[in-house]
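Scroll down for the structure; my scribbles are underneath it.
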Amino acid sequence: MFRIVCLLAALVSASSEAFADYPDRPITITVGFAPGGTSDVAARILSERLTKSLGVAVVVDNKPGAGGSIAAAATAAANPDGYRIMLSDPGAFAINPIMQPQNARYDPLADFTPIALVGQSPLILVVPSSKPFMTTKELNDYLKASAGRATYASSGPAGISQFGAEVYLKRAGDLSAVHVPYRGGAPMMEALSKGEADFGMAVLASAVPLISSGAVRPLALAAPSATPLVAKVPLREQLGMKDTTLTSWVIMIGPKGLPADIVKRLNGAINAAIAEPQVKERLLKAGIETYAPATPAETGAYLKQDVERYRSFQSELGDRLTK
């Protein structure tokens, strides 16, 4: 019995020492979309600061596909040692598991460890500048007259931008348009700038550069209040579309079973980073508003709440997201 107690004590001591040394090699932040999208932009800004504060290289690994589910599945299967974490988004964690469970072979709550809230970016309705639509009414009139021919771009099947577009179409009068998916927010915005689709519900963080350059035209913002970056763009609620506030959040998560000491270390480093004025300003200029610092438990509660909120849309949208 004495030997067993000693052995257990030695194991606990060795484990504690291992956590005390964390991190001692590079950390990878997985992103479920191509470079240039919301999660990618936030991950790259964070990685720079975390590299300094944690004392090891923090790198970004883009794994696009299946609305972020490929990256999420890889994270769920990763060794829970704190060296592979993910900056998650609503597509992979709140929309895909509900609307296309065949692409999301994981439980968005049970198979992951919440680490920290990072930020959010509202959705914005944009059209190519080459298109004649100057208002949502003009766009809607075109959609009504062009059923079966009108198109919208998205960042991928069952992702936040397809979800947002279908909510818009449903609430604008049960309209329809052909879905044209791309492999991330940046490719989606590039396609819109070239006029490859008639409109898109983009995450503001992905849309800001092309709105600023004039390549796309913003028509309505799906936010509860005005945003400085697009202060003159009307809110969807002001246009008579109630309860259509939609934001894309970025939340740091890890695989299930991530040790509490490692979670605490990462949570503290991330909260310190997003509290820094320079980091907050860079994120805000990219269209991402940082959250107030949150504990891992608060992060998990927020994630659970938002998964349930998206689930509430399921009966309204029906099979729209499977088209």
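The values are calculated or read from the model by the stated rules, or taken from the named source; none is laboratory data. This one's a predicted model, so the numbers in the text were calculated from it and none came from an experiment. For neighbour counting, all protein chains shown are included, and Cβ atoms are generated from backbone atoms with ideal geometry for every residue, glycine included. Accessible surface areas use protein heavy atoms only, side chains included; no ligands, DNA or RNA. Shrake-Rupley method; radii C 1.70, N 1.55, O 1.52, S 1.80 Å.
Data table
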{"quantity": "Packing-based order for 176-184, 127-135, using average beta carbon neighbours within 10 Å, highest first", "calculated": "176-184, 127-135"}
{"quantity": "Solvent exposure ordering (accessible area, 1.4 Å, most first) of VAL167, VAL41", "calculated": "VAL41, VAL167"}
{"quantity": "Pairs from LYS256/LYS280; LYS194/LYS232; LYS52/LYS194; LYS232/LYS280; LYS170/LYS232 whose Cα-Cα separation, in the structure shown, is over 32 Å", "calculated": "LYS52/LYS194"}
{"quantity": "For a label point 7 Å along the Cα-to-beta-carbon line of LYS264, residues of segment 276-311 with backbone N under 17 Å", "calculated": "294-299"}
{"quantity": "Equivalent ellipsoid, segment 177-244 (semi-axes from 5 times Cα gyration tensor eigenvalues, Å)", "calculated": "21, 15, 10"}
{"quantity": "Sum of -39500 (n - 2.57) over DSSP H runs of 4+, divided by residues of the chain (222 nm, nearest 500)", "calculated": "-12500 deg cm²/dmol"}
{"quantity": "Those residues of segment 184-213 whose amide nitrogen sits under 14 Å from the label point placed on SER129, 7 Å along Cα→Cβ", "calculated": "190, 192-195, 208-213"}
{"quantity": "Set of aspartates and glutamates with alpha-carbon distance to LYS144 below 14 Å, sequence-local pairs under 8 removed", "calculated": "ASP174, ASP198"}
{"quantity": "Global form of segment 197-323, assessed from the alpha-carbon gyration tensor, a/c cut-off 1.5", "calculated": "oblate"}
{"quantity": "Gain upon complete extension [ALA77, ARG311; 0.36 nm per residue less C-alpha separation]", "calculated": "81.8 nm"}
{"quantity": "Solvent-accessible surface (1.4 angstrom probe) belonging to ASP243, in square angstrom, nearest 10", "calculated": "120 Å²"}
{"quantity": "Debye-sum result for the chain in log10 I(q)/I(0), which assumes one identical scatterer on each alpha carbon, at q = 0.07, 0.12, 0.16 Å⁻¹", "calculated": "-0.29, -0.77, -1.29"}
{"quantity": "Euclidean distance of C-alpha centroids, segment 174-206 and segment 81-146, integer Å", "calculated": "12 Å"}
